[in-house]
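Have a look at the structure below before the remarks.
The values are calculated or read from the model by the stated rules, or taken from the named source; none is laboratory data. Predicted model, so just to flag it, every value in this text is computed and none were measured. Ideal geometry is used to build each Cβ from the backbone, glycine not excepted, and the neighbour counts take in all protein chains shown. Please note that ligands, DNA and RNA were not included when accessible areas were found on the heavy atoms of the full protein model with its side chains. Shrake-Rupley method; radii C 1.70, N 1.55, O 1.52, S 1.80 Å.
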Amino acid sequence: MAESSRLGQSIDSFVDASCSLTQQAASLDTITSLVKNDVLSVEGLVREMEMYLTTTDNIIRARGILLLGEVLARLVSKPLENATIHSLIGFFTDRLADWKCLRGALVGCLALMRRKRDAGMVTDTDAKAVAHSFLQNLQVQSLGQHDRKLCFELLECLLECYPDSVAPLGDELVYGICEAVDSEKDPQCLMLTFRIIEVLARLFPDQSGPLASFAGDLFEILGCYFPIHFTHPKAEDLGIKRDDLSEALTLAFSSTPFFEPFAIPLLLEKLSSSLPFAKVDSLKYLSGCTLKYGAERMLKHAGAIWLAIKDAIYNSIQEPALSFTSESLVGLGFQENEIAKEALTLLQRVIVQNDSLYLSLIVKDEDINMILNTITIYESYNDIYLQGKLKLHVVGRFLSISARSSIASCNRVFESYFPRLMEILGLPVKNLSGDHSPIVSSLISKRLNFGALYLCIELLASYRDLTAGFKEIASKSISASETCYSMLQSYSNLLTKAFCSTLATSPQDADIYFAAKGLQILATFPGYVSPMLTSEFESILITFMSIITLHFKKTLLWKLSLKALVNIGSFIDEYHESEKVSSYMGVVVEKIVSLVSLDDFTMPFPLKLEAISGIGTSGLSYMLKIVQGLEEAIYTNLSEFYAHENMKSPDITVRLLECYSNKVLPWIHENGSFDEVLLRFPVNVWSQIESHVDFSIQVQEMELLDATMTAMRHAVAFCSVESQNKIIQKAYSVLSSSTFFPLKEFTSLTIQFQLGGLQLAQKIDNLSYRDEWILSLFASVVIAARPQTPIPNLKEILQLFMTTILKGSVPAAQALGSIVNKLGKESNELKISSDCALEEALETIFRTKLWNSHDNGAVMKCSGINNGSEMSFADSCLGVVNNNLPQIHAITGLSWIGKGLLLRGHEKVKDVTMIFLEFLLENNKSDAFPLKQNSLESSCELDLHPSVIKSAADAFRILMSDSEVCLNRKFHAVIRPLYKQRFFSTMMPILQPLIMKNDSSLSRSMLCRAFAHIISDTPLTPILSEAKKLIPIILDCLSMLNKDIQDKDILYSLLLVLSGILTDKKGQEAVIENAHHVVNNLTKLIVYPHMMLVRETAIQCLVAMSELPHARIYPMRIQVLRAISNALNDPKRAVRQEAVRCRQAWASIASRSLHF
Amino acid sequence: MDRCKCNSDLSSPKHCNIERLRDIKDPEHPYSLEELKVITEDAIEVDDVQSYVRVTFTPTVEHCSMATIIGLCLRVKLLRSLPSRYKVDIRVAPGSHASEASVNKQLNDKERVAAALENPNLVDMVDECLAPSYG
C-alpha cells in the first residue's frame, strides 16, 4: 500500500510542471528503483500511469509519456518479455505522430531500440514500423535542437542495429534522410548526421541501389559543409572540436565511391582557396577519399591531383631555418608547413595506389625535367638562389617519396634519373673488367655538382630506407637482380671515392654534409642488398676515422664524421651484420680505444673522450670494449700517479674519470645491467691501491681524488647488492690493512671508546696521503651502497668516520649520514648480516666522547652520561674551547648525520637540531629554553666563537638542501615523502618564538639564518598556509642578511620565497597586514649592491605588491616611487626594465599624472 | 626604434630606455608609432654623459592634428622610464608639419606639459596610447 502511494506521489511530482528539476529527478529515480528491484512490473507502471498517458491535456500527456520513456531508458539492461516490448514499442511508434508529446515518444523509442539481445530486443517488424512512422510523421528540421538530436540518434540506431529491417524501405529511406539532414547547423547534430550518411552508404553499396541514384542530392547536402568553418567560441561546452567535425565529415565523404564524381572536383577546387585550413582539409580529404574510391575511379583525376600537389608544395614551403649542423634535417632544410606535409602524404598515398600512372606523370613532368636539365647551374650550394634551392628541395622530396613507396617505383625512379645524375657528377659506368681508366681518378678529384649530389643522396637514402624497412618481411623480396641494386652496385665504388675526396677537399658545409651522409648511407645497406664489398665498407670507416684523428680542427666535418660513425655502428649492430661488426670493431673501436691510452697530444683530449663515448653508445659490444680500454687507461694513469712523484698531468686522469662516470656508466646501466662490468672498476681501483703500499706523491691532488670518488660512487651505486658486498669487502680489507686502522676490538663501554678514540685520534693526526685516499674512497663506497648491503665491522667504521670528521673530512661525514640513513632497525630482518643495528649505531655515535679527547687537556668536564637518551655528543661538540676548527668540523659532521636521519624520518633528528639550536642560543643564557636544563649545563660557561655559531646555523642548509653527492635517490637513500614539509612544520613553532623573544643581536641573527635556510628549501604550499606568521620573520631575516656580501645567495633564495608568497592569492592576503614592513624592506633591497638578481626580484615583488587593496598600499606610494626612480638609473638593464614596469604599476594606482 | 645609435653598449641606460618608445600606439590608428614610421631609430639622439635625450618625430601628414598628442605621449613615456637626471627634448622633424614652431614650443614648455597632464581627458588619451608599451 505504501509502495503504491509512493508511486503515485512520484508520478505526480514528475508530471507536475511546477515542481523543481531536482524533485523531478528524485521522483524519476524512485520509480526506476521500484521497477528495477521488481517491486513493480513495467506493465504495472503502465497501468498506474494510464490516465497520464491517455489524457487529452497535452502537457500532462507529454510529461507522462516522457516519464515512461525515461524510466525505460534507465532499464536498458533489465530483461523484459517480448510481448511487453512489443506493446511498448507499438505505443511509442504511434505516439511519434503526436507532435505535442514527441520528446517522450522519441526517448521511449530510443530506449527500446537500444536494448541488447540478452535483455529482450525490438523485433524486426517493429523496427520497420518505427522507421516507417518516423519517415512519415517527423519533420526533423522543424524541431528544436534537442529533439533533432534525439531524432538523429534514433535514425543512427535504426541504421546500425536494424539494417535488415530498414533496408527494404529503399528510396523512401534515403529520401527521408536527405530531407531530415538538410541544412542542419548544430555541431552535435552534425556529428550524428555525418555518421548517419556514413552508415547509410554502407547499407546500400549496390551500383543499382537507391543510394547510387540519390548520391548527387546527398552530396549536395554534404558538400556545403566543406571545409568545416567552426566558429563556436568555446568548443569545450559541447565537447566537440573542429577536428572532430572535420574527421566525421571525411568519413562521410569517403563512405561510398558514388560520391567520387562530386567530391573530387569540389576538393580540387577548394585547394585553390586562400584559407590555409581549407587547403589542409582538402589535401586530407583527398588522401582519405583516394583510398576508399579505388584506383579505377581516381584514374581520371590523376593529372589534376598531381598538379594540385605540386602547386601546394611549391607555394607553401618556407625559407630554410635549419643549418647543416642540426640533427633532424630533411632535404635542404626547408621548413614544411602542414599544407606541404599533407600534400606529401597525399602523394605517397596516390603513388602506392597507382604507381605506374603517377611515376609516369612525375617522369614526364616538365618542371622536374627542366630542373634536371639545368642542374649544371646548381654548381655550389652558396651560389644557388633561394628559388633554386626551393626547386631542388621539392624535386628531391618528390623523388624520395616516390622511390620510397615500393620496389617497382624505386626501380623506375632509379632508371629514369640515376644514370643522368651520375653523368652530371662526372662518374662513368664501371666497365666490364671493373677497372676505371686513369682519367676517372682525375674526374673524381674535381668538385661535385651540388644539385646532382643532393638528388643522388636523396635517391640513395630512399632506396636504403626501403630495403631497411623489409628487414622482417621476406628478406628475399628485394633480390640482387633488381634494377636499382645493379645500378647502385656498378657505381658504388666510384661514389665512395667521390664522396671521400669531397669530404677531404671541399671547403663548403653543404658539400661536406651531403658527402658524409652519402658515405653513411652507402655503409648502412642491409647485408643482402648491400652494393658494397667489405673492403669498400672498411675504406669508408677508415676515411671517417682519419677525419676523427686528424681533422679535428674542422668542427663540422669532425662532428658529422663522428655522427656518421655512430649511426653506422648502431645500424650494423641492430641488423646483426657479423662481418661488418668485426671490421667496425677492428677499424673504429680498437683505434679509438688506442687513442685514449696513447700519449699522443696532437688531438685535444676532450675531443678524444667525446669520440670514444659517442662510438660507445652505438652498440653494446662496442661499449664493453671501450669500457675496458677506458678503464685500462684510468688504471695506468692512476698507478703512475701512485708510483711516481712527477705526475704528468692529473688533468687527463680527471677527464677520463669524468667521462667514465658521466657518460659511460649511465649508458651501461640503462642498456641492461652488466654487473660484472660495473663491479670490475671499483675492485680494480682497490686492488691497485692495495698493491701500491708506498705513495710517493707529496702534492695533494684534490681534483683527482674528487673525480676518483665520483667515479667510485657512480660505479658502486649501479651495482647489485651482491657486487656491492664484494666491493665493500675488498675495500674493507684494504682499509684494515692501512696504518691508521685500529685492529683491536672495541667494547661498548664509553670509557673504552674514549681510550680507543684517543689512540685513533692520534693516528688520524698524521694521516699519509695514501690513508686519506683510502679513507675517502671507502667513504664513497659506503655512500653509494644500497640499504641491503651489509657493512663489515660497522662499529669500528663508525669510530673511524667520527674521528676523521674532526679532521674536517666531509666524505666521512656524508658516509656516516648514509649509514644512519640506510641502516635497518633492530626489529628489521635486513639486519641479519650487519653486526650493528640502527639504534646501536646511533647510541655509539651520540655517546662517544671522541670529540672531547681530541683536544688535549682542554676537555670540558661535561655531565656526560646523564639520563639514557641524553646526548653527550652534543656536549662534546661544545667542549673544545681553544680551537674552534674541530668544533666546526664536528657540527658539519653532525649535520650530515642529521640529514640522514631527517630523510628517513627518524625522531632522533629532533635531538640533532636541538643541539644546533643550543649553539645558536649560546649567547643569552637568561632564556629559559627547556632543553638547556639537560645538556647545556656543562657548557654554560663557554664563550663560543661566532664562526662556530654560524656553522651551526648553516647546518640547517645541509639538512634541508638536496645534495648531489650523497643521500639522494641515485645513491639509494631512504627518503620519506614530504620530509621537508614535516621538518618545516616541526621547526617553525620552535624557531618562531625564539626569534621573537631573543634580544641578543648575534644569536638572533643566527637564528634568522637558520630560519632562512629552512624556509628557502621548503616547498611553497606549506609556507603559504603559514604565511601570516612567517612574514614578519622573513622580513627580519631580509633586513639582517642584507648587510654581509657573503650572505647574498641565501638572501636571494629567501627573497624568492617572499616573491612566491606575494604572487599567490592566499599569500597576498597574509601580506596585507605587514604591507608597510614589506615595502620598507623591499625598497632597501632595490639598492642591494652585491647581486643583480636580488634587485630585480625585489622590484618584481614590489610590482606584485601593487595589486594589494588600494587603501592599504596607497600611503606607501610615494615611498615606492622615490625608491624606484633610483632604480631607473641602475647599471643593469634587466633591473631598469623591471623598474619601469614597477613605476608604471605604482604610478597608476592613484592619479595617472606624473606628479608624484 | 629598439636600437639607437649607441647600441654598442647594450646595457647602457640609453639603449634600455629608448626601446620603450617603440610600442606607443598612434592616437588615431591601431598601429604603433614605429609601424607608422612616425619615429625611427635614427631620429633619437642620446647623450648619456650629458644626460640629454632628443627625439625627433615625423607626423604622418603635414596638418596632423595629433602631433601634439603624439609628442605628449613620447614625453610622458620618457618621463616615466628615464631617470630624472635626463633632459628630454621632443621635436617635430623640420618641414614635416605645418605649424612646426608652435608644436615644438608647446611640447618643450614645462608649464604647458604640466597643465596638459592636469586635464583628465588628455591623460586618459595618453594612457590609452601608452597602454601596450608596458610589457
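Candidates are the residues of the range A:104-127 that are in a helix (DSSP H, G or I) and more than 50 Å from the chain's Cα centre (by Cα); the one that is surrounded by the fewest Cβ atoms within 10 Å (Cβ to Cβ) is A:125.
Among the residues of the range B:90-107, those identified as of a type outside the set (Lys, Arg), surrounded by 16 or more Cβ atoms within 10 Å (Cβ to Cβ) and not in a helix (DSSP H, G or I) are B:90, B:92, B:96, B:97.
Against the list (1) farther than 22 Å from residue A:917 by Cβ; (2) open to solvent by less than 20 Å² (accessible area, probe 1.4 Å); (3) modelled with pLDDT under 70, the condition residue A:879 fails is (1).
When we screen A:1056, A:1020, A:1093 for residues that are surrounded by fewer than 23 Cβ atoms within 10 Å (Cβ to Cβ) and in contact with a Gly (Cβ under 7 Å, 6 or more places away or on another chain), the only hit is A:1020.
May I ask you to verify whether residue A:153 is of a type in the set (Asp, Glu), at pLDDT 85 or above and surrounded by fewer than 19 Cβ atoms within 10 Å (Cβ to Cβ)? Here the answer is no, as residue A:153 does not meet what is asked. Taking into account only those residues within the range A:1093-1135 that are assigned to a loop (DSSP other than H, G, I, E, B) and among the acidic types (Asp, Glu), which is nearest to the other protein chains (Cβ to nearest Cβ)? Filtering the range A:1093-1135 for residues that are assigned to a loop (DSSP other than H, G, I, E, B) and among the acidic types (Asp, Glu), the one nearest to the other protein chains (Cβ to nearest Cβ) comes out as A:1130. Would it be correct to say that residue A:1082 is at negative phi, surrounded by 22 or more Cβ atoms within 10 Å (Cβ to Cβ), touching a Cys at 6+ places or on another chain (Cβ under 6 Å) and not in a loop (DSSP other than H, G, I, E, B)? When the stated conditions are applied, residue A:1082 passes them.
If you go through the range B:66-89 and keep only what is of a type in the set (Lys, Arg) and either within 12 Å of chain A (Cβ to nearest Cβ) or open to solvent by less than 30 Å² (accessible area, probe 1.4 Å) (or both), you end up with B:75, B:77, B:80, B:85. Anything in the range B:53-65 that is open to solvent by 60 Å² or more (accessible area, probe 1.4 Å) and touching a strand residue (DSSP E or B) at 6+ places or on another chain (Cβ under 9 Å)? List them, or say none. Matches in the range B:53-65: B:54 only. Across the range B:37-49, what is the number of residues that are open to solvent by 10 Å² or more (accessible area, probe 1.4 Å), part of a loop (DSSP other than H, G, I, E, B) and touching a residue at least 24 places away in the same chain (Cβ under 8 Å)? Qualifying residue count, the range B:37-49: 2.
Looking at the range A:435-456, is at least one residue open to solvent by 20 Å² or more (accessible area, probe 1.4 Å), assigned to a helix (DSSP H, G or I), of a type in the set (Gly, Ala, Ser) and modelled with pLDDT of 75 or more? There is no residue in the range A:435-456 that is open to solvent by 20 Å² or more (accessible area, probe 1.4 Å), assigned to a helix (DSSP H, G or I), of a type in the set (Gly, Ala, Ser) and modelled with pLDDT of 75 or more.
Condition check for residue A:80 on (1) open to solvent by less than 40 Å² (accessible area, probe 1.4 Å); (2) closer than 22 Å to residue A:8 by Cβ; (3) not in a helix (DSSP H, G or I): one failure, at (2). Considering the range A:1004-1017, the residues that are closer than 14 Å to residue A:917 by Cβ and in contact with a Lys or Arg (Cβ under 9 Å, 6 or more places away or on another chain) include one that is surrounded by the fewest Cβ atoms within 10 Å (Cβ to Cβ), namely A:1014. Report whether or not residue A:1001 is open to solvent by 40 Å² or more (accessible area, probe 1.4 Å), of a type outside the set (Asp, Glu), over 17 Å from residue A:909 (Cα atoms) and modelled with pLDDT under 90. Considered against the rule, which asks whether it is open to solvent by 40 Å² or more (accessible area, probe 1.4 Å), of a type outside the set (Asp, Glu), over 17 Å from residue A:909 (Cα atoms) and modelled with pLDDT under 90, residue A:1001 comes out as yes.
Has the range A:415-426 got any residue that is over 42 Å from the mean Cα position of the chain (by Cα), open to solvent by 10 Å² or more (accessible area, probe 1.4 Å) and at pLDDT below 80? Taking every residue of the range A:415-426 in turn, at least one turns out to be over 42 Å from the mean Cα position of the chain (by Cα), open to solvent by 10 Å² or more (accessible area, probe 1.4 Å) and at pLDDT below 80. Quick check: anything in the range B:122-133 assigned to a loop (DSSP other than H, G, I, E, B) and either within 14 Å of another protein chain (Cβ to nearest Cβ) or open to solvent by 50 Å² or more (accessible area, probe 1.4 Å) (or both)? Looking through the range B:122-133, none of the residues is assigned to a loop (DSSP other than H, G, I, E, B) and either within 14 Å of another protein chain (Cβ to nearest Cβ) or open to solvent by 50 Å² or more (accessible area, probe 1.4 Å) (or both). For residue A:130, indicate whether it is β-branched (Val, Ile, Thr) and assigned to a helix (DSSP H, G or I). Taking the combined requirement at face value, the residue satisfies it.
Each residue in the range A:1032-1053 was checked for being surrounded by 18 or more Cβ atoms within 10 Å (Cβ to Cβ) and charged (D, E, K, R), and 2 pass.
When A:1029, A:1084 are checked against the criterion of being in contact with a Ser or Thr (Cβ under 9 Å, 6 or more places away or on another chain), under 30 Å from residue A:954 (Cα atoms) and free of Cβ contacts under 8 Å to residues at least 60 places away in the same chain, a single residue qualifies: A:1084.
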